[in-house]
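Read through the structure below, which is laid out as structure tokens, and then see the notes.
Here, each number is a calculation from the coordinates, and none is a lab measurement. Note that the structure is predicted; figures quoted are calculated from it, not measured. Glycine also receives a Cβ, built like all others from the backbone with ideal geometry; neighbour counts cover every protein chain displayed.
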Amino acid sequence: MNHRRLVGIDLGIASAHTVRVLDGEGTTLAKRKAWPTLESLGEIEAAALDGCPPGTRLEVVMEPTGPAWMPIAVFFTTRGHVVHRVSSAKAHDLRRFLSRHTKTNGIDADTLARLPLFDPAGLQPLVLPTAERAALDRRVRVTDRLTEQGAVHKRRIKDLTRQLMPMTPLTGDLGVADLAVLERYADPNALVRAGEKRLTTLIAKSSNGQQGTDRARQWIDAAGASIELYAGHPAVAFADLAAEIATEVRLLRAVQTELTAHAAERESCYRWVDPAQLARSLPGVADVSGPALVAAMGDPTRFARGKQFRSFTGLVPKASETGDTDRKGQPMSKAGSSLLRTTLVRAADNARRTDPQLARIYYIQMVERGKDHLGAVCVVAANLAERFWAVMHRGMPYVICDTDGRPVDPDEAKAIIAAHWTVPADVRARRRSKKAGKAPQTVRTGQRLRGDLPRHQSIDQHDTHRQHQPQRRTA
């Protein structure tokens, strides 16, 4: 008898979970509904193991539907069963193949249960993190979310201020003194009535003496220009806009207060997971990037090679090959965590300025391959991901070396980059300009271009041949 048991669970957020139990040949054995309670999930386990010998392990497959997957994963993993958390895209593609014109909860659960039969090599068992790694993951996520919310409030404050005062002095970062002024005197009329002396005192106190009379005069000039421009037009509600700005300032301060507290806890959790701070030994990885990378990677031993972690980041190009044609330059797969990719790209932009090997990769992509800045940085980020895996897998800090593999100090590394791997200004300007176009990649004689050249014909011969062709006249 076939005692393999496949359990597909279509998770519901506010409704019951739909469960299908199959054997190893794909025959449906049970159809159930379940709730995230110990009694309900215990009934599912008993129904799936009915008639199986002791020690049979269930293969549970589900999608990462909101927070609903966690209770299911905890219940079945603690009982020794294998849990697979598959991407929604993979389940969607298989469901369209099995049932193109119908979608129900039962069909979704049945599709998930059949995934181990269709793609056994594409499923990886879910490994739940330890207490330290789970705490770090939560702190990293909440600090990232609070950072984004703070940025949203800052943009809103700047937009509202620009509407109130078109000649706003908020041309750079939003400082503490600026928030103090906007919270009290966002209304241009109130700002002018406050006067230069009172405003200077407020700005100096808020900025610890770093700003004063000049900044106060900038605000008063902007308020005066706004009053003169609008001339009391009823469409511009000064008082209401000022009240909304004050609300945004208070919300921003609340977010920043919470962010500070969570960032401190994030640092504490990071020290437990990475006591030697190996992640921060990589170039370009700082206080925020180190915990984010460690939390996103999880246990480094689950990746057998650095290339697997590189694919996990989504920084690898898609593959498009058919016959003798292998199309290069495909877009990135963007699989995996967007926070992990963003962290690696930001770290790579700094790392290529301090690591000669990464600077060389950036130089080749910009100068020889014709990529723009972002494309070149993404290639550097993919290489940085492999180096990060090697550091965490070996348990040894990163050592900056020159292109020959010789360890160098930071000053010598920057000198090497300045002498050999600095992108010329004209090349950078050409990559930035969309009108000038990009330099084509170097194509060797005999290499096919887009599949339309014979193998014995070079690109120069192809261009010469085109020059002798009669030009088609347009109507």
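Taking 30 Å as the cut-off for C-alpha to C-alpha distance, list the pairs among 154/318; 371/414; 31/334; 318/414; 103/307 that go past it. Beyond 30 Å: 154/318; 31/334; 318/414; 103/307. When you filter the trypsin sites (Lys or Arg not before Pro) in segment 251-355 for DSSP loop state and at most 13 other Cβ atoms inside 10 Å of their Cβ, you are left with 305, 318, 327, 328, 334.
Divided by 2.2 N^0.38 Å, where N counts the residues, the Cα radius of gyration of segment 279-432 comes to 1.06. Tally Lys/Arg at +1 and Asp/Glu at -1 over every other residue whose Cβ is under 14 Å from the Cβ of residue 225; what's the total? Net local charge, residue 225 excluded: 0. Put simply, the amide H of residue 5, placed in the peptide plane, has neighbours under 5 Å in 59, leaving out anything fewer than 5 places away on its chain. Summarising the strand pairing of segment 5-122, around 55 percent of its internal DSSP beta bridges are antiparallel. Packing, taken as the mean count of other beta carbons within 10 Å per residue, orders the peptides 43-50, 424-431 from highest to lowest as 43-50, 424-431. Mean separation of Cα pairs under 8 Å and 6 or more residues apart, divided by the residue count, gives segment 279-432 a relative contact order of 28 percent.
Counting neighbouring beta carbons within 10 Å and listing from fewest to most, the residues 40, 87 come out as 87, 40. Scanning residues 5 or more positions from residue 29 or on other chains, those with amide H under 5 Å from its amide H are 21, 22, 23, with H placed 1.01 Å from N in the peptide plane.
Our summary gives the chain a relative contact order of 10 percent, counting only alpha carbon pairs under 8 angstrom and 6 or more residues apart.
Give the relative contact order (percent, whole number) for segment 155-269; include only Cα pairs under 8 Å separated by 6+ residues.
Reported relative contact order: 35 percent.
Mean projected area of the Cα convex hull of segment 5-122, taken over all directions, amounts to 7.0 nm².
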